[in-house]
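The values are calculated or read from the model by the stated rules, or taken from the named source; none is laboratory data. Everything quoted here is computed from the prediction, not taken from an experiment. Note: ideal-geometry Cβ built from the backbone for every residue, glycine included; neighbour counts use all protein chains shown.
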Amino acid sequence: MKLGCASFAALVISCSAEPTTTSRLDSSGLTIVTHDDMIMVARLAHKLAAGARDFAYIGPVEINHMGHRDYYFWIGLATTVDRDLVGLAPVNAVALALVVDDEPMIMPLSEWNTSLDVAPYPSTLPIRETLMASTSLDQIHRIAEAESIEIHLIADTDTAVRYQAWQGEWSTWSEFPDED
C-alpha cells in the first residue's frame, strides 16, 4: 500500500492526537474527569457599556466515587463589567435552560462542589460565581449531536437571559468521557 505525504501526515496526526479528556485524582479520593475544551457563551450587556459582555463557561464533569459516576455541567459565570461600580447586582441564576433541537432541557443550578481541590476548568476571565447542574451521560451526548442549541440562564425573578455561542464546539463532547 502506497501512502502519499498528505495521507501519511493525516495518519500520524490522527494516531498522535491528544486525549479529549483529562482525569485527575482529587485529595478527597474522587476521580474528576473533564473535557479538554469547554464551551464559552456570551451576551451583550450594552446598557452598561458599549463592549460589555457577560460570559458563561460550560463544561461536562464526571465525578467517580469508587465506581459510582455522577455527571454535571460546571458553569463559571464571568463578566467584563464591574457591576459594583455601576450599582447593579448580577443575575442570580437558578436554572440552566438548553433548547436542544427545539426541545428544552431545564436543569436546576446549585453552587459548585467547593470541597474539590481546584475548579475543573480554567478561565481567561475572573469567575464571579461557579455553579453546577446535574446531568446524564445521555444528555451530554444528545447535546453533542444536536443540530441547534440555545442557551438561557433563568434568574430567580423567572426571567430568562439568552446567551450566544462564543467559543468552543458542542460536537466535541460526543466522546465524553473517553472510555479506554
Restricting attention to region 155-172, does a residue exist that is in a helix (DSSP H, G or I) and of a type in the set (Ser, Thr, Tyr)? yes
Yes or no: region 109-121 includes at least one residue that is of a type outside the set (Gly, Ala, Ser), in a strand (DSSP E or B) and surrounded by fewer than 19 Cβ atoms within 10 Å (Cβ to Cβ). yes
If we scan region 3-15, do we find a residue that is under 18 Å from the mean Cα position of the chain (by Cα) and modelled with pLDDT under 90? no
Of all residues in region 63-108 being under 20 Å from Asp138 (Cβ atoms) and hydroxyl-bearing (Ser, Thr, Tyr), which is surrounded by the most Cβ atoms within 10 Å (Cβ to Cβ)? Tyr72
Which members of region 122-133 meet the condition of being of a type outside the set (Ser, Thr, Tyr) and in a strand (DSSP E or B)? Ile127, Arg128, Glu129, Leu131, Met132, Ala133
Any chance Leu116 is modelled with pLDDT under 95 and either hydrophobic (A, V, I, L, M, F, W, C) or in contact with a His (Cβ under 8 Å, 6 or more places away or on another chain) (or both): yes
Say whether the condition of being over 15 Å from the mean Cα position of the chain (by Cα), among the acidic types (Asp, Glu) and within 24 Å of Asp54 (Cα to Cα) is met by at least one residue in region 141-160. yes
The strands (runs of 3 or more DSSP E) lying entirely within region 28-72 that contain at least 2 residues which are touching a residue at least 24 places away in the same chain (Cβ under 8 Å) and of a type in the set (Asp, Glu) are 53-65
Considering Ile143, Ile154, Ile106, Ile127, which residue is in contact with a Phe, Trp or Tyr (Cβ under 6 Å, 6 or more places away or on another chain) and in contact (Cβ under 8 Å) with a residue 12 or more places away in the chain? Ile143
Applying the selection to region 146-173, what residues are surrounded by 13 or more Cβ atoms within 10 Å (Cβ to Cβ) and more than 17 Å from Leu96 (Cβ to Cβ)? Gln167, Thr172
Within 12 Å of the chain's Cα centre (by Cα) and under 18 Å from Gln164 (Cα atoms) - does that describe any residue in region 79-97? yes
Please pick out the residue among Ile140, Ile58 that is in contact with a helix residue (DSSP H, G or I) (Cβ under 6 Å, 6 or more places away or on another chain) and over 22 Å from Gly29 (Cα atoms). Ile140
